[in-house]
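The structure appears below as structure tokens.
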Amino acid sequence: MSGSQTNNPLHGVTLETVLTQLVERYGWEDLGRTISIKCFTHEPSIKSSLKFLRKTPWAREKVEALYLQSLASSE
């Protein structure tokens, strides 16, 4: 089973790390424009965004997809 994660770029990366890196790269304003969710556009913070993303699978998937896209474009 451990072999199934070897090609997963998200393996071992916390949601907090993903979000922090996206905020550093795009900023809250651009992040909110790219992924239109209230936790990014109205008084955004890492803590409140993490709480929302952990409870909302569709939003988390969008954030993870943007993170993977940003990794690919930085290579």
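Leu10 fails exactly one of the following numbered conditions: (1) open to solvent by less than 80 Å² (accessible area, probe 1.4 Å); (2) modelled with pLDDT of 95 or more. What is the number of that condition?
Among (1) open to solvent by less than 80 Å² (accessible area, probe 1.4 Å); (2) modelled with pLDDT of 95 or more, the lone unmet condition for Leu10 is (2).
For residues that are small (Gly, Ala, Ser) and surrounded by 14 or more Cβ atoms within 10 Å (Cβ to Cβ), scanning just the stretch 21-75, find the one that is modelled with the lowest pLDDT.
The initial filter retains those residues of the stretch 21-75 that are small (Gly, Ala, Ser), namely 27, 32, 36, 45, 48-49, 59, 65, 70, 72-74.
Then keep just the ones that are surrounded by 14 or more Cβ atoms within 10 Å (Cβ to Cβ); that gives 32, 48-49, 59, 70.
Values: Gly32: 96, Ser48: 96, Ser49: 97, Ala59: 96, Ser70: 91.
Ranking the candidates gives Ser70 first.
Is it true that some residue in the stretch 63-70 is among the charged types (D, E, K, R) and more than 11 Å from the chain's Cα centre (by Cα)?
The initial filter retains those residues of the stretch 63-70 that are among the charged types (D, E, K, R), namely 64.
Within this subset, residues satisfying the condition of being more than 11 Å from the chain's Cα centre (by Cα) are none.
No, there is no match, as no residue in the stretch 63-70 is among the charged types (D, E, K, R) and more than 11 Å from the chain's Cα centre (by Cα).
The values are calculated or read from the model by the stated rules, or taken from the named source; none is laboratory data. Note that the coordinates shown come from a computational prediction; the quantities given were computed from them, not determined experimentally. In this analysis, Cβ positions are derived from the backbone assuming ideal geometry, glycine residues included, and neighbour counts consider all displayed protein chains. The area values use the complete protein model at the heavy-atom level, side chains included, leaving out ligands, DNA and RNA. Shrake-Rupley method; radii C 1.70, N 1.55, O 1.52, S 1.80 Å.
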